[in-house]
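Since the structure comes first, as structure tokens, the remarks are kept for the end.
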Amino acid sequence: MTILIDHLSTFNFKHKSLLKNGTEKMKKLILKSGLYIFLFLISLELLVRLFHLGKDTPTRILDEYKVEKWMPNQNGYSVTGNRRQNFSEYRINNSGFNSYREFTPTKKNIEIALVGDSFIEGFHQNYYNSIGKKVEKSIPEIEVYEYGYAGYDFADQLHLIHAYKEEFETIDHIVLGIKFSNDLTRGEYQVVTSRLALESPINKLLKKSKLLVYSKSIGILNSPQKLLYRLMNILNPAPKTQSVSEEEILRIKKEKENQYLANFDSLVSKYGYDKNRFTLLLDSRITSRLFISHLKENDYNYIDFSEYFEKSDHPTTLIYDRHWNNYGRDLIAKAISEYLKKKELIKE
Amino acid sequence: MLFNSLDFFIFLPVVFIAYWFFFYKNLRLQNIFILIASYLFYGIWDWRFLFLILASTTVDYFVAQYIHNSDSNKQRKRWLWVSVIFNIGLLGFFKYYNFFVDSWVDLIHIFGYKLQSSWTLQIILPVGISFYTFQTMSYSLDIYYKRLTPSKDFISFATFVSFFPQLVAGPIERASNLLSQLTTKRTFNYKQCTEGLKLIIWGLFKKVVIADSIAPIVDDIFANYENYPASTLILGVTLFSFQVYGDFSGYSDIAIGTAKLFGIELMSNFKFPNFSRNVAEYWQRWHVSLSTWFRHYVYIPLGGSRVNKLKSIRNICIIFLVSGFWHGANWTFIAWGGIHALLYIPVFLMGRNRIYMDNVVAENSWFPPIKEIFQILLTFSLITFSRIFFRSESITDAFGFLEQIYNNFSFEIYEHPLGYRMIDYFVLLGLFTLYEFRIRRDERSPFKFKSRIVRFIAYTLVILCMLLFFDDNIDRSFIYFQF
């Protein structure tokens, strides 16, 4: 009996020590995995920096006229695609825009301003091969100033021109890029706080990790974001969407078009619009007919680049990105140059 | 739940930690927990089909006991038929019902009668049905052949059928391996866990980097084969060979690695089939769990190679055609199986079907001799050729593909459908093949480096490659889920 008890207690002890040993090894595995993950992150951060896989992001500012732009005099590289499929250098000039030029308009020279969003901003190309530069190559007598900023809508554009009135009055002609479905959602300029929130201390800190920026740009963080969204929806379920009839969709679409048109008129009257000097740059394929008729009826000039793109037998946008590629930018520059040549801006 | 989804990477650590911290105390707790986790894993996809798994489990659990307790052979056979009919019936209904109806309608049409195919049904194919029905059937067959005694623990048996790492796409386990492990209490094994993690990383690499990155190219070429020259079509089917290998062997590696985390050793499913020196060796290395299943439960009961040559050839044809049909309800798979039978028979007749069973290419050298390189290339080409049928949507498409190669036998540089650099993929596949050749002796140790630093560099590069070739916009499900 004593032997049996001894045997059982030895077994129990051995069993317990095995379990203890197992738990300790398990803890070791978890700790070691944590350490490995940390080291992987450090190594990947270094590799991403070494091969410059992640894009640089310049700092945004809100100037004294409440114009949002890039902090002057910065440069870096913009990267698109997992394997650096598109790699280009940007240079933010003294005025806070991406350009190889400094903007110093004079009465003597002929200056053209291109105002618009990321398509005009052109981080996807080397700053010395921008649309402006291409136009200058086509018409050597002029200087092109590119006031492009990602996310600029028509309100941002007119507010910029209005805020820097003196500078823009010296510029001979101004071309404003406009996308009807995006750029006329508001009838008055207000600072876009959500964009400036990207400069919050936490975002600035996150941007310091090139690995994080890279992971976000290639979509690897989409799943965690979606998961977070799903979890949030569990806590606060969104109201069920009701099926909408086609007539209702048409009615909403029409309502929106009228609203955008009203916003256009409101912005024009609020910030001023010189029909002789200002020209809109648009793609009629994605622009409301109502808006085009409105432009025609009210003598607003516009450049429609759709026919250049339609004729093209090469892709006009980048891989991984809907922005214009070099060929697309060539076509845009061609459209602008031909328009300017017709305008006969060249001073004898 | 996909192995390459975020859901799984949340599910796995939670289950792993809970299993070893809270459910390690006794075997019953371990199995109950694994069973719940497995049903959750499957139920997230579609909970309704859990009833099918449960039904298959229950039927085979009791049938096995009846077989075991039966006094006469006739009675044993009768109970075996219950299991076979039930499992094949499940497969037949969910996987092949529409195929048989359509084929019947087509056959009638050949004889000049027109019949509306109004009997076809909108049936969802339950993921993994081909795998778990074969697994449960193998159990009843093993009991019938007296290789095993039936389990009296329903929980362990249910865990054997639904063990989540291998539930939806194998390896198709035998009770002698998996069930025996599930009836023994698992203790935490550090080395086994680290080996499991390494296999998971390597499996993910094969899936994300190899299979998923070339999938858009293969899809484009097979969808538009009429517009491409022979060079592009050959490229397409060659890339498909890599895609299907990366996809399925990647899945198997993740499954084996995940099982290791829970103290379970699953059988190897892929042993570097791309380095096979003949078709027989290929079948000893490709989808091993299925090919051995057919060998044990179809080929050998039919007499295998112990009967006369003619009957052996018949048996070979049967297992390859059935194996083809197992893959899907389409004539393309039957044709694929038929091609493999035709490729295998000459090897069998020459008596070369077992000569490479116990060795690998370049067994004792760094580089294979010219003869072996030639053999590998020839085998790879033949297997790749058969995949035209495996990948095509229909027999008409497969022959159209071949006709296009013949009629438009020219070379043209292929451009990626999304405009990416093709050179990236060629370099990637070249390096992958070289690395696989280096590790060819042990499919369960993809990172066999003595130096810890070199090992760490290898892991980092593998993860970097996953980032470099990750594409959020593609369908990331596994090819073999459809089977």
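All of the numbers you see were taken from the coordinates with simple rules; none came from a lab. This is a predicted model, so every value here is computed, not measured. Neighbour counts run over all protein chains shown; Cβ positions are idealised from the backbone, glycine included.
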List the lysines whose alpha-carbon lies under 23 Å from that of B:Lys152, not counting same-chain residues fewer than 8 positions away? B:Lys25, B:Lys77, B:Lys185
FRET E, pair B:Phe22, B:Phe154, Förster distance 25 Å, beta-carbon r, rounded to 0.05: 0.65
Placing each pseudo-label 7 Å from Cα in the direction of the beta carbon, A:Lys275 and A:Asn182 end up separated by a distance in nanometres of 2.8
C-alpha long axis of helix A:246-271 to longest principal axis of chain A, angle in °: 60
Given Cα pairs under 8 Å that are at least 6 residues apart, what percent is the relative contact order of chain B? 18
Rounding to the nearest 20 debye, state how big the charge dipole of the range A:215-316 is about its Cα centre with +1 on each Lys and Arg Cβ and -1 on each Asp and Glu Cβ. 560
Normalising by the residue count of the range B:326-483, find the relative contact order in percent from Cα pairs under 8 Å and 6+ residues apart. 27
Rounded to whole Hz, the Karplus (6.51, -1.76, 1.60) HN-Hα couplings of the range A:130-139, x for glycine and proline: 7, 4, x, 5, 5, 5, 4, 5, 6, 10
Proximal lysines to A:Lys253, defined as alpha-carbon separation beneath 22 angstrom and excluding residues fewer than eight positions away on the same chain: A:Lys179, A:Lys240, A:Lys296
Among B:Gly351, B:Leu233, B:Phe272, which residue has its Cα positioned farthest towards the positive end of the charge dipole of the range B:225-382, with +1 placed on the Cβ of Lys and Arg, -1 on the Cβ of Asp and Glu, and the dipole taken about the Cα centre? B:Gly351
Magnitude of the Cβ-charge dipole (Lys and Arg +1, Asp and Glu -1) of chain B about the Cα centre, nearest 20 debye, reported as 2340
Arrange A:Val175, B:Val361 by Cβ neighbour counts within 10 Å, fewest through most, would you? B:Val361, A:Val175
Dipole moment magnitude, nearest 20 debye, the protein assembly as shown about Cα centre, only Lys, Arg, Asp, Glu C-beta charged: 4580
Which lysines, if any, have their Cα less than 18 Å from the Cα of A:Lys210, not counting same-chain residues under 8 positions apart? A:Lys55
Starting from the 7 Å offset along Cα-to-Cβ, what nm value, one decimal, do you get for the label separation of A:Asp313 and B:Asn473? 2.5
Relative exposure of B:Asp212, A:Asp172, judged by other C-beta atoms within 10 Å (fewest first): A:Asp172, B:Asp212
Give me the percent relative contact order of the range B:38-143, please, defined on Cα pairs under 8 angstrom at least 6 residues apart. 33
Low-density loop chymotrypsin sites (Phe, Trp or Tyr not before Pro), the range B:43-136, at most 12 other Cβ within 10 Å, DSSP non-H/G/I/E/B, are B:Phe111, B:Tyr113
For B:Lys309 and B:Lys146, what is the calculated FRET efficiency with R₀ set at 25 Å and r taken between the beta-carbons, to the nearest 0.05? 0.25
Label zone at A:Thr170 (point 7 Å along Cα-to-Cβ), backbone N below 12 Å, the range A:309-348: none
FRET efficiency for B:Ile10 and A:Glu24 from the Cβ-Cβ distance with R0 = 25 Å, rounded to 0.05, comes out at 0.45
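How would B:Arg444, B:Arg78, B:Arg48 line up from fewest to most surrounding beta-carbon atoms within 10 angstrom?
B:Arg48, B:Arg78, B:Arg444
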Label points 7 Å out from Cα along the Cβ direction at A:Tyr327 and B:Glu265: separation in nm? 5.7
